[in-house]
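What follows is a short report on a single structure.
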Amino acid sequence: MTLYKAEEGLMWQELVKGNKEGEELMDPGLLEEIHARLAHLTSETEAIPNNKVPFNLEQLEECDSPIEQFFFQRIDGNEHFETHRINLGGHQWLFINSVYPESLPAICLRHDIDGILRQPKNIFSEGETEHFKMEHMAIFSALGFVLASKQDKKFISCSPGFEFSVVSDCSRHLYLYCQPESYKLCTPASKQEDGRIHCSHS
C-alpha cells in the first residue's frame, strides 16, 4: 500500500501507533535539498586529531568578556580636539561615583578580579608637563569576582571614604562588601535565618 502525505516535509515516526514495520520512502528531490543544506558541515578529508588541548570557551562567562572598543577620551572644550585617548578595552566597566561634587565622576574598572577606582583630574600646577591625569583613588578587593555572581545587579556604588562597595539587585536587596583593611568598621547588625550576616557601617 502506498500513502501520500497531505503536508510535505512532515516526518512520521510511525503510521499505526505501536507498529514499527514498514519504511518511509523520501522524495529524492527533498533528499537532495537536505544534502545540499548540510554540505557545509561535511568534509571529504579525514580529521586528524590534535594532541593540543583546545581552548574551552565554556570556562569564560559573559562577565569575563572585555568590551573590545572601549576608550576614555578627553576633549579640549576651547580648541575642540582630543587631548587624551586611553584604551580601556581589556577592562570591564563597573560603576561611576561622584567623589568630589565639583569634579567629573570617578570611574571604577575591573582589573583581574578587583575593582580600581580612578578620578579624572585637571592639573594646574606650575612646571607640570601633563595637565591631566587619572588619579588612583581606591581598590575594591575581589569586586569583579563578586559582581560576576550577581546576575540581577541593578546599581553599584561605593561609600565616600571607600570603606565598602554596595550592590543593589532587582529584588530590593543591598549587598555591602567591606574592604579588608576596614573590616573592623563593619559590625554584624543582624543574622538572617539563612546564616548571612548583614554589615552596618558605623
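Side notes on the structure shown:
- Stretch gain in nm, segment Ile34-Leu88, where the contour uses 0.36 nm per residue and the Cα spacing is subtracted: 14.8 nm
- Protection proxy ranking, highest mean first, for peptides 153-162, 17-26: 153-162, 17-26, where packing is the per-residue count of other beta-carbon atoms within 10 Å, averaged.
- FRET efficiency, 1/(1 + (r/R0)^6) with R0 30 Å, evaluated for Ser157 and Glu130 via beta carbons: 0.55
- Here the spin labels are modelled as points 7 Å beyond Cα on the Cα-Cβ line, and at Glu102 and Lys121 they lie 1.4 nm apart.
- Volume per residue that the Cα convex hull of the stretch 77-155 spans, once the total is divided by residue count, Å³: 137 Å³
Read-outs throughout are calculated quantities, based only on the coordinates presented, and are distinct from any laboratory measurement. Note that the structure is a prediction, hence the values are computed from the model and not measured. Methodologically, a virtual Cβ is constructed for each residue, glycine included, from the backbone with ideal geometry; neighbour enumeration extends over all protein chains shown.
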